[in-house]
1. Considering (1) at pLDDT 95 or above; (2) away from the ligand (no atom under 15 Å from the Cβ), say which one residue 280 fails and leave the rest.
2. Pick from segment 317-333 the residues that are part of a loop (DSSP other than H, G, I, E, B) and within 14 Å of the ligand (Cβ to nearest atom): which of them is nearest to residue 199 (Cα to Cα)?
3. Look through 356, 280, 307 and report the one residue that is touching a strand residue (DSSP E or B) at 6+ places or on another chain (Cβ under 8 Å) and either assigned by TED's automatic domain parsing to the domain that holds residue 199 or over 22 Å from residue 422 (Cβ atoms) (or both).
4. What is the residue count in segment 412-440 for residues that are closer than 20 Å to residue 471 by Cβ and more than 16 Å from the ligand (Cβ to nearest atom)?
5. Kindly provide the set of residues from segment 78-112 that are part of a strand (DSSP E or B) and buried (at least 16 other Cβ atoms within 10 Å of the Cβ), ordered by number.
6. Kindly evaluate residue 350 against the criterion of being closer than 30 Å to residue 327 by Cα, more than 16 Å from the ligand (Cβ to nearest atom), in contact with a helix residue (DSSP H, G or I) (Cβ under 9 Å, 6 or more places away or on another chain) and not in a loop (DSSP other than H, G, I, E, B).
7. Would you mind finding the one in 307, 362 that is more than 14 Å from residue 281 (Cα to Cα) and either out of contact with any helix residue (DSSP H, G or I) (no Cβ under 7 Å at 6 or more places or on another chain) or touching a residue at least 40 places away in the same chain (Cβ under 8 Å) (or both)?
8. Residues in segment 527-541: is at least one surrounded by fewer than 18 Cβ atoms within 10 Å (Cβ to Cβ) and at pLDDT below 95?
Ligand SMILES: [Fe+2]
């Protein structure tokens, strides 16, 4: 072998070894605990302290005249041992600004101590095992609305006293038939301006100059108009991944926007919501929104919400990787985690899920919601596996629980699993064990604009219609797609996200004209008819209490507090299908519906 050849081989070997060493150093560096961002953020005071249920993120739905069962953790309240039902007081006030001033007292019925039924893993971390369950009678004439709840303790002899309020905690709902609707939202990703990094672009579109998430406020406006019976939010409310300590600021912006939603909202956490960036996002969620996993029932149908990011704290810490910030894990994991080890949700979640589903084997419908669904696409579970970078670097996943989840859904005959995380619309199904049906798995698009530019997915939501215990519709047009928030969005087509501006559905007050008390105009740029149940007009009260309504159906009239001459009129409006625009800059032709309300004179 010539000298030159030998030298060449040597050089190549040295180069390969150097490259391997460099790669090792880089990977070690990326995962080194020395590159945690020291932020020193103080954990802000909790909004959920003693009144632990219902909460803004896990509300109670009660019919007028029905029973509201609250849960209170009074372990740190002196003199709480001897409390009786009469020592508790509760009142609720409508969240809607126009009805400010109304306050309804609830009649206390029963107070007892026992395990929490609403916060499944409460007590798992050495907290008190028992909570107070206090039930109250809701007034039979309470207006169906979303209410803020206040619960107070005033026990003279015992000396115990407390008062705590929880906004948007109680939804008074009409005694429904077996029809209801709900909306699912996912991946809202409230973030600050200039949030892009080299490997993760975030557009500033939809953010105000001061960083307000206008895109979320616009989405909420449409949801308030459509007014489903409730909203199910599938996680990733924030980003929490660009600058040290920003998680808290984003969470506050999200919370303030959430207060504009006039529909009860059930929230479950995604990965971004539980990153540890200065503070532990999972703890913020519990301290301000509600439990990380739980279940609830509506109209004979059972809904189970899971925490699919059940990683120990070390895996959730966001670290500085120079170009961008990243946690060790961002994919799904659902397991029976040991308690007290910094897991997002300590406690045996899989065992609880099994119990929860078998307890509701008789429900007309079983729905499970989680951020990372275990199936999409077609059973491959992309939200649980590792992400592969060019075959040399695997990260983000390998989470446990995917197979177990698929098995549980099949064994317990779950009808539908709603998920997000992948920011795309996808639908598939797997058969139930023993036949007789199948579990539909749907994954959905996000609420924000991602990196902007061209995309195969537009910002949207699922509008789910339930009739007689069956989900009769959950998609827009093609059986897979989400409903778009903006005109110019078409299922399956590429869309320039930078051009999306015009809301797909809107309504506004309009000069009512001669003799009328109020008027409105509603527009629809969707290719399907929409039913708007949330149009509310303020008008002169009819002396007869009756109104003639053109172009809409009057659901109810409520006297404005403090002013008997004005009333709040709740309307239901059907707007026919419009012609959607080709793109954001090529507007469509809206279908318009105009109407007005006339007070009926006489008695
Ligand atoms: Fe996610």
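1. (1)
2. Here is the first cut: in segment 317-333, the residues part of a loop (DSSP other than H, G, I, E, B) are 321-324, 328, 330-332.
After this cut, where a residue has to be within 14 Å of the ligand (Cβ to nearest atom) as well, the list is 330-332.
Working: 330: 15, 331: 18, 332: 21 Å.
Applying the filter and picking the extreme gives 330.
3. Testing whether each residue is touching a strand residue (DSSP E or B) at 6+ places or on another chain (Cβ under 8 Å) and either assigned by TED's automatic domain parsing to the domain that holds residue 199 or over 22 Å from residue 422 (Cβ atoms) (or both) leaves just 356.
4. Counting residues in segment 412-440 that are closer than 20 Å to residue 471 by Cβ and more than 16 Å from the ligand (Cβ to nearest atom) gives 17.
5. Correct list: 88, 89, 90, 91, 92, 93, 94, 104, 106, 108, 111.
6. Yes, satisfied.
7. Selected residue: 362, the only one of 307, 362 that is more than 14 Å from residue 281 (Cα to Cα) and either out of contact with any helix residue (DSSP H, G or I) (no Cβ under 7 Å at 6 or more places or on another chain) or touching a residue at least 40 places away in the same chain (Cβ under 8 Å) (or both).
8. Yes: one or more hits.
The values are calculated or read from the model by the stated rules, or taken from the named source; none is laboratory data. A quick note: this is a predicted structure, and the numbers were derived from the prediction, not measured. Counting neighbours? That spans all protein chains shown, and the Cβs are built from the backbone with ideal geometry, glycine included.
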